[in-house]
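Here the structure is laid out as structure tokens; the discussion comes afterwards.
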Amino acid sequence: MAQSLKGRSLLSLKDYSSDEIRLLLDTSREYKRLKYAGIPHRIHEGKNIALLFEKTSTRTRCAFTVAANDLGVAPEYLGKDDIQLGKKETIEDTAKVLGRMFDGIEFRGFAHETVEQLAKYAGVPVWNGLTDKFHPTQILADFLTIEEHVGALRGKKLVFVGDGRNNMANSLMIGSAKMGLDFRILAPRELFPDQNLTDEAYRIADENHAKITITDNFEEALRGADVIYTDVWVSMGEEDKFEERINQLRHFQVNTNMLRLTGNPEVKFMHCLPAFHDTLTSVGADIKQKYGLDSMEVTDDVFRSRASIVFDQAENRMHTIKAVIALTL
Ligand code: CP
Ligand code: NVA
């Protein structure tokens, strides 16, 4: 049974039971219905939350902002140059100050320890909007989207292809272990996830009848897949690693051939976004000029294909983040 989530932080899905994740997903679905029906749901009128961003964001920032406003909560955006955090004031002191003024705090940044420190000292719920290690609110949106497009999560074959040790791979692995999926990471060996985290994920998977496979074997990873999921090859904060990652991952690009290897004509394509699927961004153009690639982690035709559910996934960031704020405030 899920308990009330009031007052809880969300730093990683490790901290939530499968019943609690179920509650968050069901609540997200309900808020999506209310939003579509135009039914107001300002259940936290008069509250205030801080949105701290050390790194840039489109979806997470907008999702927190819109979700907060819909719930009657006032969001305050605090960018990396707006406050003293870590430069003139410790994380502990900042957390104590923000906790005296705000009812909840979202944090996106580099070190996972920062969001842990904020949660330790703020005295109000702290939500991880992405760190180098985990991106838990993304997984809630991903799972809601899988339920909508593919069906119940249990046993679904979800394959993450690419940088198998980044925040997305880590979080999908933990989330899948909690919710009983058949989760596979397809990556070159040097980009396999951290062994301690993998061991922990295996333990969680055992408790929840989930399956986890980490492999560099395409056939083993892709056979019968329901969903192929990828992410950027170079995460925020690693921008000096493009050449290295391109060399490691160029054969792991999601393309029509990879979709075909699943043997499932209904396989879906997912990506947390932003995606390098063409040369129309400044980074995409630079990569084309330096390495001759028209796309990186996914080809433009797959990104735009009927298999692709990436924009439903992006929208669901807002409905799921709304559920997190609504239940934990
Ligand atoms: N998927 C995601 O977190 O997107 P942003 O970086 O734009 O927030
Ligand atoms: N792995 C990516 C996820 C972006 C949502 C990054 O950290 O940049």
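List of remarks:
- The set of residues in segment 74-109 being surrounded by 14 or more Cβ atoms within 10 Å (Cβ to Cβ), in contact with an Asp or Glu (Cβ under 9 Å, 6 or more places away or on another chain) and farther than 12 Å from L51 by Cα consists of L85, G86, I91, V97.
- Residue pairs whose Cβ atoms lie under 6 Å apart, sitting 6 or more positions apart in sequence or on different chains, and linking a residue in segment 243-261 that is over 16 Å from D300 (Cα atoms) to a partner that is assigned to a helix (DSSP H, G or I), are I246/Y291; L261/L222.
- Odd one out for K157 among (1) under 25 Å from R108 (Cα atoms); (2) surrounded by 18 or more Cβ atoms within 10 Å (Cβ to Cβ): (1)
- Taking first residues from segment 175-186 that are at positive phi and partners that are open to solvent by 10 Å² or more (accessible area, probe 1.4 Å), the Cβ contacts under 6 Å between residues at least 6 apart in sequence or on separate chains come to G180/R154; G180/N208; G180/H209; G180/A210.
- Flag for L25 being part of a loop (DSSP other than H, G, I, E, B), under 22 Å from the mean Cα position of the chain (by Cα) and surrounded by 14 or more Cβ atoms within 10 Å (Cβ to Cβ): no
- Looking at segment 41-157, the helices (runs of 4 or more DSSP H) lying wholly inside it that each contain 2 or more residues that are at pLDDT 95 or above and within 16 Å of ligand 2 (Cβ to nearest atom) sit at 59-70, 112-122, 136-149.
- Which numbered condition A152 misses (of (1) of a type in the set (A, V, I, L, M); (2) surrounded by fewer than 22 Cβ atoms within 10 Å (Cβ to Cβ); (3) more than 30 Å from N257 (Cα to Cα)): (3)
- Residue that is most open to solvent (accessible area, probe 1.4 Å) [pool: residues in segment 291-318 that are in contact (Cβ under 8 Å) with a residue 12 or more places away in the chain and aromatic (F, W, Y)]: Y291
- Of note, E45 satisfies the criterion of being in contact with a Gly (Cβ under 7 Å, 6 or more places away or on another chain), open to solvent by 60 Å² or more (accessible area, probe 1.4 Å), farther than 23 Å from L118 by Cα and not hydroxyl-bearing (S, T, Y).
- Residues satisfying the criterion are present in segment 165-177 (criterion: more than 16 Å from ligand 2 (Cβ to nearest atom), within 30 Å of K322 (Cα to Cα) and out of contact with any His (no Cβ under 8 Å at 6 or more places or on another chain)).
- Check on A37, surrounded by 19 or more Cβ atoms within 10 Å (Cβ to Cβ) and away from ligand 2 (no atom under 16 Å from the Cβ): no
The values are calculated or read from the model by the stated rules, or taken from the named source; none is laboratory data. Note that this is a predicted model, so its numbers are computed, not measured. Please note: Cβ atoms are built from the backbone with ideal geometry, for glycine as well, and neighbour counts cover all protein chains shown. What goes into the accessible areas is simple: the full protein's heavy atoms, side chains included, and nothing from ligands, DNA or RNA. Shrake-Rupley method; radii C 1.70, N 1.55, O 1.52, S 1.80 Å.
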